[in-house]
Each structure stands twice: as structure tokens, then as C-alpha cells.
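Structure in C-alpha cells, see below.
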Amino acid sequence: MRSIIFRKILLLMPLAMVLAAFPFPSFVTAQKQGGSNDKGREYYEARGEIVWEINTDEKVIALTFDDGPNAAQTPQILDLLKQYDAKATFFVVGKRMEKYPDLVRREANEGHELANHTYNHPYFKQSTPIEQIRQEILKNEQLITSLTRHKPRLFRPPGGFYSENIVEASKEAGYLTVLWSWHQDTKDWRSPGVDKIVRKVLDNARNGDIVLFHDHVEKNPQTVEALKQILPELKQRGFRFVTVSELLPFNKMESSVHS
């Protein structure tokens, strides 16, 4: 009996080694890193250290775009935003800004907010040292500031993962960590179909939402076509498109604390 069990264990070991070597991608969803000692959303939200969305009666919504700029997709998105008098927040990546600095300047000149998404877009682990995270933030900050003459104040960690080290590094660098409304993750980077992206946003649109898009999708980008339907519909419903920094003062919870 023991020999049979031992043989089964030996057969399962290669599978276990493969699974350990190839963990699930960290960009699947925004979630906390680490073990049972790490705090969750309620803890960080109550302390004002991470923002997912805000509580407001005003019909305001923040559209955010990650991972750009992209030579083809970003200009089309900027054209659509201008057409519908919409302001957005672009969480830019340093190594892509170096390729397309004129697009970064255009984003800033057209009234959009530039925010920090690290220089190399690494997926931080729970064990990643605070200083290593901070250096990624600061290297990207230098580039954004040199191109726009404005220091960014918002940080979004790649993949949306958060941990004590990530939050602390962000605070030390002078940033507020911003994620997105869980019901407004379009997953456009997966190219799920234009209609799915449209329905995700329109069926769930609420006051104070922070919507996650990407202006750099490597294969079969669908965000531009989705925005052609999303922007006019939300505008018809009476929503105003604001940057994340413009959205934050509308927070009723924050207002009640300071009143």
C-alpha cells in the first residue's frame, strides 16, 4: 500500500513543479498580495491610502488608461476624448514614454492627467523591497516631470496588486495609490470583444466610478471602437468626464470627515 502511494506521489511531482514555475499572471485582477497578515481593501480605503472609487451624488466619472503611450491607439483615444469634451487620467509607463514623448506632451497639453505606472512595468511581489519599488516610481516621475513640467501625484501599481510595501513606497515617494472600481474593470487588454467592453462600462456606470482601460494593447485592440459607443452614451446620461485628481474632492466621506 505504501509503495502505491509513493509511486503516485512521484507521478504528481512533475506537475507540481510545472505549476510552481508558471504562476497565474499578476495582471488578471486587482488584489492584495501576501498572506493572512496583509490588510485588505477596507483597511486601506478607511485610511485613505488606496482609492478604488469615491462616494458622491454628482454625476462624475473618471476614465483611466494604463500602459501607454502607444503610437497607434493613444492618438485615436485622444481624438475621441476631445470630441466629447472628456478629460482622462493616463497611467503612463516610462520606457514607452521614451519612445513617444510627443504623445505624452499632447496628453498634458490637452488637459489630461499624467499619472505614474512605473518605468519598467514590473509586477511587484510581496517580498519586493520598498526601496526597489520607490526607485521604479521615482525614475518614472523624473521622465513625466521633464516632459510635462508637472510632478504626478497618483500611482497605480502594475497589475493592480497592493501590499504593505507597495503602499509604503508610494507614500514615501509622495503619491496616492489609485486602483479602479471593481465593477469597471473592462479587461480590454484581453480583447474580449467590443460589445463586452461597452456593456461592462454602461451596465455598471455609477457616480464616482474609476474605469480601467488600456491605451496600449498588443494584440487586437478594441478599446477605441468601444469608446465610440461609451463616450456618447455616458454623456447623454449626464455624466461629466473628469481626471482622478478632479474626482477626489467630490468624495462625500472625505467631506464629512473634514466638516
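Taking the alpha-carbon centroid of each part, what is the distance from region 134-192 to region 40-94 in angstrom?
Region 134-192 and region 40-94 have Cα centres spaced 11 Å from each other.
Quick one: the Cα spread of region 182-259 along its three principal axes, in angstroms, biggest first?
The Cα atoms of region 182-259 stretch 48, 26, 17 Å along the principal axes, largest first.
Compute the whole-percent fraction of alpha carbon pairs in region 155-210 spaced more than 16 Å apart.
53
Moving on. Using the 2.2 N^0.38 Å rule of thumb for compact globular proteins, work out how region 61-154 stacks up: its C-alpha Rg over that value, please.
Taking N as the residue count of region 61-154, the ratio is 1.08.
While we're looking at this one, here's another question. Based on a Kirkwood Rh over C-alpha pairs, give the Stokes-Einstein translational diffusion coefficient of region 85-222 at 25 °C and viscosity 0.890 mPa s in µm²/s.
Reported coefficient: 155 µm²/s.
Please name which of Thr177, Leu231, Ile210 has its Cα lying farthest along the dipole of region 155-259 towards the positive end, using unit charges on Cβ (Lys, Arg +1; Asp, Glu -1) and the Cα centre as origin.
Checked the options; the winner is Leu231.
A further question on this structure: Suppose each label sits 7 Å from its Cα in the direction of the beta carbon; what would the Tyr84-Gln135 distance come out to in nanometres?
Simple spin-label model gives 4.1 nm for this pair.
In region 190-259, what trypsin sites (Lys or Arg not before Pro) fall in a loop by DSSP, with at most 12 other Cβ atoms inside 10 Å?
Sites meeting the loop and neighbour criteria: Lys219, Arg237.
Probe radius 1.4 Å, ligands and nucleic acids ignored: give me the carbon and sulfur share of the accessible area of region 123-259 as a rounded percent.
Percent of accessible area from carbon and sulfur atoms in region 123-259: 49.
In addition: Hey, got a sec? Which GluC sites (Glu not before Pro) in region 169-258 land in a DSSP loop and have at most 14 other Cβ atoms within 10 Å?
Answer in residue order: Glu218.
If you don't mind, another one. Could you name the lysines whose alpha carbon sits less than 22 Å from that of Lys196, not counting residues in the same chain fewer than 8 places away?
Within the straight-line limit of under 22 Å, Lys196 reaches these lysines: Lys187, Lys219, Lys228, Lys235.
Give me the tail of P(r) for region 210-250 as a percent: Cα-Cα pairs with distance above 15 Å.
That tail contains 55 percent of the Cα-Cα pairs.
Can you give me the relative contact order of region 104-259 as a percent, contacts being Cα pairs under 8 Å and 6 or more apart?
19
The values are calculated or read from the model by the stated rules, or taken from the named source; none is laboratory data. Quick caveat: nothing in here was measured; it's all calculated off a predicted structure. All Cβ positions, even for glycine, are placed from backbone atoms using ideal geometry, and neighbour counts span all protein chains on display. Surface accessibility is based on the protein's heavy atoms, side chains included, excluding ligands, DNA and RNA. Shrake-Rupley method; radii C 1.70, N 1.55, O 1.52, S 1.80 Å.
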